[in-house]
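Read through the structure below, which is laid out as structure tokens, and then see the notes.
The values are calculated or read from the model by the stated rules, or taken from the named source; none is laboratory data. Quantities reported herein were computed from a predicted structural model and do not represent experimental measurements. Cβ sites come from the backbone with ideal geometry, for glycine too, and all protein chains shown count toward neighbours. All accessible areas refer to the heavy atoms of the entire protein, side chains included, with ligands and DNA or RNA removed. Shrake-Rupley method; radii C 1.70, N 1.55, O 1.52, S 1.80 Å.
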Amino acid sequence: MELPKHYNPQESEVKWMQYWEKEKIYKFDPESKAEIYSVDTPPPTVSGKMHLGHTFSYSQQDFVVRFQRMLGKNVFYPFGTDDNGLATERMIEKMKNVNGQFMKRKEFVELCLKTLEEIRPDFVYDWKRIGISADFNIFYTTIDAHSQKVSQKSFIDLYKIGRIYKKRAPFVWCPECQTAIAQVEMKDSERDSNLVYMKFDTSLGKQITIATTRPELLPACVAIHVHPDDKRYKKFIGAKAKIPFSDREVKINANKDVDMEFGSGAVYHCTYGDMDDVKWIEEFKIKPIEIINKNGTLNEKAGKFSGMHVKKARKEVIESLKEENKIEKIEPIKHVVNVHERCETDIEILNTDQWFIRYLDLKGDFIKYGRRIKWRPEHMRARYENWIDGLKWDWNISRQRHFGVPIPAWHCKKCNEIIVADEMQLPVDPLADKPKGKCKCGSNDFEPEKDVLDTWATSSLTPDIAVGLFKDKSIFKKLLPMSLRPQAHDIITFWLFNTIVKSYFHHQNIPWKDVMISGWALDPHGKKMSKSKGNVVDPRETLKKYSADAIRFWAAGSKLGDDLPFQEKDIVTGIKFTTKIWNASKFAFMHLQDYKLQKPKKLETMDLWLLSKLSRLIKDSTEFFNSYEYSHTKLEVDKFFWQNFCDNYLEIVKDRIYNPNKRGKEARVSAQYTLYNSLFAIIKLMAPITPFITEELYHSFFKQHEKIKSVHLTKWPDLDIINNKAENIGDFFVYVLQHARRVKAEKNMSMKDSIKKIIVKGKITKADFESIKDDLIATTKAEEIIFEQLNKDSIADYEVVVED
């Protein structure tokens with residue numbers, strides 16, 4: 001079959017995407033006896049559309065998975081979507097112009113589920129379009145009945161072993177989302193603010209000045225703290241300070257936690273400005289005053305500031321203090337505050353009823369588990385361990401939202417006993433369902449738990465969710481621990497750590513053997529992409545303009561774990577590769593039409609040269625892929641293809657292919673054998689990275705001989721024809737050829753122009769030279785080549801003189 005003149009990636013890529021799905025090329029076979037390679041595929045969040053970061057990281061994991069499949073392994077590569085969480089809820093509220101908190105839970109949940117069903121197919125299509133080789137029939141959503149059952153069973157199991165508890169306590173709260181959030185869901189954000197120096201009258205008849213960025217919490221002030229070694233304030237320790245706008249007095253305490261260098265060196269303790277305030281409440285046995293509502297407004301305990309949002313109250317408190325001459329000074333500052341990573345809202349600390357997983361006592365075990373896993377790259381493990389070292393609180397797993405996996409529990413109204421669901425009831429919604437039996441006190445009157453589980457409490461179970469789809473198959477027990485967890489570095493503390501936690505509790509084992517951590521796709525200037533900055537690159541537009549293979553080629557240019565700026569020139573390089581391999585294949589296929597896969601009686605030296613170098617390339621590429629160093633494979637194969645194969649070898653064999661009568665049929669068969677096997681090997685080496693063009697080329701010629709329905713199901717190349725002598729002779733040949741080309745270029749000659757004479761000297765034998773002489777004369781277009789053998793002690797390896 002002759003290839004068209006030009007390759008059309010838009011047409012070809014859609015064709016092969018549909019072919020793979022129709023022919024079930026990537027189907028997992030639960031009955032196979034082959035070695036299993038199982039992947040804990042990251043379920044993308046259905047909260048918009050695929051972004052460039054997705055194409056970057058998912059392509060990188062797919063390189064590895066495709067390689068493992070070509071090794072003959074039975075690949076378990078499921079695909080799920082993460083549509084259980086705040087991001088999805090906010091998207092649907094925006095799409096449908098509703099506020100879920102003001103709707104009945106059942107109605108809002110039904111709206112969410114219906115909307116997700118409508119948008120999910122188009123969302124998943126984007127992953128298919130970039131060539132992700134998952135088995136899309138092994139599919140789950142983190143809100144479907146199966147996932148809810150797995151998540152709720154996890155809750156029940158942990159509750160029964162005493163690891164889950166409910167407690168009313170000060171905890172992190174997002175006023176915008178009106179839900180508790182975990183430590184991992186906070187991020188630091190630098191803000192412009194004011195450090196307000198407020199003067200308090202004291203029982204000593206002297207004033208004490210405290211500095212704060214949150215004067216609006218003044219009505220919640222419960223104490224003032226100074227460092228016991230601070231000479232400025234020693235005399236104040238034990239005295240009382242009067243709260244402005246109030247008759248209340250608070251004690252001035254000695255507290256070694258106080259930073260004497262910050263502000264005035266005196267701290268006012270309000271409930272709650274931060275988690276230090278929480279710690280000091282317990283340490284000094286102080287009763288808190290709660291003045292902040294869940295929506296970020298102040299309550300009646302705030303006096304005349306009641307009903308104001310904290311930001312407005314901040315300004316009003318400052319004005320009132322000025323009126324009473326209680327402001328010493330105000331300093332503009334920049335400082336870092338904790339915000340909710342989802343909505344960028346400043347967090348508050350509120351007293352609320354929350355569910356927690358108790359795990360702070362297991363930090364050492366979690367570090368040990370992390371060290372049993374192979375990290376790619378290894379240095380990413382430090383992020384995991386640093387996170388564990390810095391953990392301060394148990395895992396808060398409850399959220400005050402409508403859409404999510406319901407916490408499977410009820411509270412007995414009579415004795416307040418907690419009753420969890422029976423496993424046979426799962427999945428269960430306590431708002432609609434009742435416990436199976438009575439409370440142990442005999443009561444049948446229950447208050448349903450209204451909270452839902454944090455999305456990470458479910459996402460941390462993706463190995464169990466995916467593998468659980470095969471629970472009734474004999475292969476079920478062989479799927480855990482999984483072979484690989486691929487993910488980006490920014491969610492090591494979210495997804496990776498929490499999955500290890502759940503695996504520790506439920507399986508007493510690591511969830512996967514390897515983790516591969518990808519970096520971020522950045523804008524052309526190396527900055528993180530964001531809509532607010534206007535620097536977002538839409539992969540759909542790039543697909544339309546170029547191709548999926550070109551994007552994947554770009555993604556393969558980054559070492560695993562490294563961030564990679566998006567440069568359009570790198571996408572163009574990918575297009576140049578697909579164009580070049582298309583044209584090289586056109587030439588090869590044209591001259592392989594009469595080739596019957598016969599092996600030559602003897603390989604010509606230059607054929608042996610190429611195959612020997614190809615053998616080394618295959619060996620190195622295999623080692624690279626096994627070490628998750630796909631970028632090295634891409635770099636080395638690309639270099640071999642352009643330089644050794646196209647620039648040199650294709651030119652070298654033309655004479656033998658064009659002139660079989662002159663050079664002999666065996667010489668032509670040797671060239672055809674080498675051409676077939678080297679091009680096919682290059683295509684297979686690049687198949688994990690550029691799956692579409694390689695499939696097109698395979699079906700255009702190789703399939704008729706190989707009889708396998710996809711290049712991605714063929715065996716990874718395994719060539720072992722390393723011949724040092726042939727490589728040495730061939731390198732001499734290439735040196736002479738390049739020298740001849742350079743002379744022609746310098747004299748503005750065509751490469752097809754003939755040369756009168758070339759005098760060459762080299763550290764090869766006369767017999768070695770004779771084995772390449774005909775190819776060298778034909779390629780250089782020399783009328784005569786005179787060879788002289790150099791002594792082994794000669795300084796130079798080669799000497800060339802060209803006479804035109």
* To do: Heads up, I need the accessible area for R105: 1.4 angstrom probe, whole protein in place, Å², nearest 10.
  => 20
* Structure fact -> Order by accessible surface, 1.4 Å probe, largest leading, for residues H507, H340, H227 comes to H507, H227, H340
* Kindly state, to the nearest 0.05, the FRET efficiency for S189 paired with I708, given R0 = 60 Å and r defined as their beta-carbon distance. => 0.65
* Sequence-separation-based contact order of the chain, relative, with Cα cut under 8 Å and 6+ spacing, percent -> 15
* Structure fact -> Rounded to the nearest 10 Å², the 1.4 Å probe accessible area of M308 is 40
* Carbon and sulfur atoms: what percent of the 1.4 Å accessible area of the chain do they account for? -> 48
* Report the full-extension gain for the segment K294 to K414: residue separation times 0.36 nm, less the Cα-Cα distance, to one decimal in nm. => 40.4 nm
* In square angstrom, rounded to the nearest 10, how much accessible surface does I286 have for a 1.4 Å probe? -> 30
* To do: Give me the distance in nm between label points sitting 7 Å out from Cα along the Cα-to-Cβ direction at H335 and L113, one decimal.
  => 4.7
* Structure fact -> All alpha-carbon distances of the chain, grouped into 20 Å bins from 0, give the whole-percent distribution 13, 35, 28, 16, 7, 1
* To do: Taking only protein heavy atoms into account and a 1.4 Å probe, give the accessible area per residue of the chain in Å².
  => 44
* Structure fact -> For the range 409-517 the GluC sites (Glu not before Pro) that pass both the DSSP coil test and the at-most-15 other-Cβ-within-10 Å test are E417
* Structure fact -> Calculated from DSSP helices alone, with each H run of at least 4 adding -39500 (n - 2.57) and the total divided by the residues of the chain, [θ]222 nm to the nearest 500 comes to -12000 deg cm²/dmol
* Asked: Each residue of the range 732-742 in order: what ³J(HN,Hα) in whole Hz does its phi give by Karplus 6.51 cos²θ - 1.76 cosθ + 1.60, θ = phi - 60°, with x for Gly and Pro?
  -> 4, 4, 5, 4, 5, 4, 5, 5, 4, 5, 5
* Asked: Nearest 10 degrees, 0 to 90: what angle lies between the long axis of helix 9-22 and the longest principal axis of the chain (Cα atoms)?
  -> 70
* Dipole magnitude of the range 394-549 about its Cα centre (Cβ charges: Lys, Arg +1; Asp, Glu -1), debye to nearest 20 -> 260
* Could you give the size of the charge dipole of the range 158-228 about its Cα centre, using +1 on the Cβ of each K and R and -1 on the Cβ of each D and E, expressed in debye and rounded to the nearest 20? => 540
* Asked: Which value, in debye to the nearest 20, gives the size of the charge dipole of the chain about its Cα centre, when Lys and Arg are +1 and Asp and Glu are -1 at the Cβ?
  -> 800
* the chain: angle of helix 86-96 to the longest principal axis, Cα-based, in degrees nearest 10 -> 90
* Mind giving me the nanometre distance, one decimal, between the label points for Y125 and N509, set 7 Å out from Cα along Cα→Cβ? => 4.0
* Asked: Which listed residue (A382, A409, W395) has the Cα farthest towards the positive end of the charge dipole for the range 366-415, taking +1 on Lys and Arg C-beta and -1 on Asp and Glu C-beta about the Cα centre?
  -> A409
* Could you give me the ³J(HN,Hα) list for the range 113-119, computed from phi with Karplus coefficients 6.51, -1.76, 1.60 and θ = phi - 60°, whole Hz, x at Gly and Pro? -> 5, 5, 5, 4, 4, 6, 9
* For the range 54-63, 3J(HN,Hα) per residue [Karplus equation, 6.51 cos²θ - 1.76 cosθ + 1.60, θ = phi - 60°, Hz, x = Gly/Pro] -> 4, 4, 5, 6, 5, 5, 5, 5, 5, 4
* May I ask you to compute the full-extension gain from A145 to I722, defined as 0.36 nm times their residue separation minus their alpha-carbon distance, rounded to one decimal in nm? => 202.1 nm
* Modelled FRET efficiency - R0 22 Å, D229 with L204, Cβ distances, 0.05 increments -> 0.70
* To do: Using +1 at the Cβ of each Lys and Arg and -1 at the Cβ of each Asp and Glu in the chain, identify which of Q207, P717, L737 lies farthest towards the dipole's positive end.
  => P717
* Asked: Expressed as an acute angle from 0 to 90° and rounded to the nearest 10, what is the orientation of the C-alpha long axis of helix 145-160 relative to the principal long axis of the chain?
  -> 50
* **Bridge type composition, the chain - antiparallel percent by DSSP, nearest 5** => 65
* To do: Rank these residues by their accessible area, most exposed first, probe 1.4 Å: H525, H506, H712.
  => H525, H506, H712
* Asked: Based on the Cβ-Cβ distance of K596 and K747, what FRET efficiency does E = 1/(1 + (r/R0)^6) give at R0 = 45 Å, to the nearest 0.05?
  -> 0.55
* Asked: If you take the charge dipole of the chain about its Cα centre, with +1 on Lys and Arg Cβ and -1 on Asp and Glu Cβ, which of Y698, A778, I657 is farthest toward its positive end?
  -> Y698
* Output the peptides 472-478, 611-617, 253-259, 626-632 sorted from most to least packed, where packing is the average of other Cβ atoms within 10 Å over each peptide's residues. => 611-617, 626-632, 253-259, 472-478
